[in-house]
Amino acid sequence: MKESILDGFRLTAAEQELHVYGIRVERSSGESVTHFWRSNDPVNLYSASKTFTSLAVGMCLEDGRFSLSDRVLDFFPEYRGIAAPGSEAITLRDLLHMASGKLHFWFGELDGRKMEDDWAELFFRVPVTKQPGVQFFYSNACCYMLGRTVEKVTGKNVRDFLVPRLFVPLGIENPQWHADPQGHTLCATQFFLTLDEFSCLGRLLLHHGVWDGKRLVSEEYLKNMSADSIPSGWDGCEEPECLAGYGYQVWLCSAPGTWRADGKYGQFCILLPEREAAVTVTAHEEQRPYSIVRAVFDEIAPRL
């Protein structure tokens with residue numbers, strides 16, 4: 001793969017003054033091209049962290065520890081007595097789809113209790129105002145509760161569970177992933193990786209969950225990550241990249257058949273299966289992060 005494949009993207013980034021840190025284009029054949037605008041330091045992946053939590057869910061599913069139709073509250077019997085009505089209907093699939101029926105980014109008016117109370121308790125106390133499984137509402141709490149369920153069935157927080165199962169095989173040493181005051185991995189955000197490390201996600205997904213000849217994640221689960229989706233968006237949303245649908249903690253892209261891990265300010269791992277390629281980006285673009293996605297499809301995809 002020639003470095004010139006990035007020429008159009010680099011020109012667009014310069015012309016539009018997009019604040020990109022680094023980009024890597026990788027094909028399933030192993031060919032890759034990388035360019036940095038600054039040093040390859042760890043960056044906060046923000047919501048791209050969610051996709052790694054989804055992989056932990058897939059591993060537990062393959063292990064037979066739970067099924068996606070399982071009710072989340074069943075894993076937390078200690079909170080059955082305080083859970084808001086309707087909480088008992090929420091499944092793991094609903095959490096993956098951001099469709100819990102609890103319409104708060106975290107815990108709404110209970111956010112002020114995050115330093116003292118168990119966040120799982122706060123989640124269950126939040127009112128259910130929509131039927132679970134029906135309406136998409138982007139919520140960090142959904143991903144957090146996926147992680148808490150993984151912790152319930154494995155005895156380890158998500159970060160520690162993934163160290164031997166995912167991070168060590170990928171060559172990611174001692175990754176930093178922030179936790180809540182009680183030591184539970186945040187799961188939805190605050191995971192820090194370099195571009196090189198983040199791009200391992202794209203390589204793993206390109207190879208359907210196999211890394212250096214060893215299966216790390218179920219191929220069926222990875223297929224369903226994008227195939228089993230829910231309509232996305234919200235009132236007033238006009239961004240095409242937010243309206244194409246939402247899978248298992250991944251966004252579908254406006255270009256058919258493509259999907260991505262997506263973090264605030266332009267942390268993207270974009271899968272282009274038909275072109276057998278993945279494009280990973282780190283950035284700090286506060287105003288127009290999806291211009292980066294469009295530049296990938298306009299300037300890189302046609303050259304693959």
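Here, each number is a calculation from the coordinates, and none is a lab measurement. These figures come from a predicted structure and were not determined experimentally. Here the Cβ is made from the backbone with ideal geometry for all residues, glycine too, and neighbour counts use every protein chain on show.
General observations
- Total charge dipole magnitude, the chain, about the Cα centre, Cβ charges on Lys, Arg, Asp, Glu only, Debye to nearest 20: 420
- Qualifying lysines (Cα of each under 21 Å from Cα of LYS102; at least 8 residues distant if same chain): LYS50, LYS114, LYS130
- Amide H partners (placed H, <5 Å) of ALA179, local residues excluded: LEU186
- Ellipsoid fit via the Cα gyration tensor, the range 224-280: semi-axes of 18, 13, 10 Å, each the root of five times an eigenvalue, largest first.
- Size descriptors for the range 121-248: radius of gyration and Dmax over Cα atoms are 16.4, 46 Å.
- Segment ASP298-LYS264, extension gain: residue separation times 0.36 nm, minus the distance between their alpha carbons: 10.1 nm
- Residues VAL250, VAL279 arranged by fewest to most Cβ contacts within 10 Å: VAL250, VAL279
- Taking the three principal axes of the alpha carbon atoms in the range 72-151, the coordinate ranges are 31, 23, 23 Å, sorted in descending order.
- The range 182-279 gives an Rg/Rh value of 0.98, both radii derived from C-alpha positions and Rh following Kirkwood.
- Which of MET98, MET115 has the fewest Cβ neighbours within 10 Å, and the rest in rising order: MET115, MET98
- Theoretical ellipticity at 222 nm over the chain - DSSP helices of four or more residues, -39500 (n - 2.57) apiece, nearest 500: -8000 deg cm²/dmol
- Considering only Cα atoms, the convex hull volume of the range 1-108 works out to 182 Å³ per residue.
- Annotation: extensible slack from ARG80 through SER4 equals 21.5 nm (criterion: 0.36 nm per residue apart, minus Cα-Cα distance).
- DSSP H segments from the chain that extend 15 Å or more along their own axis, Cα-based, with Kyte-Doolittle mean of 0.0 or above: 49-63, 140-154, 195-206
- The local environment of SER47, defined by Cβ-Cβ distances under 15 Å, has a net charge of -2 under the rule Lys, Arg +1 and Asp, Glu -1.
- The mean of 1/r over all distinct Cα pairs in the chain, once inverted, gives the Kirkwood hydrodynamic radius of 19.6 Å.
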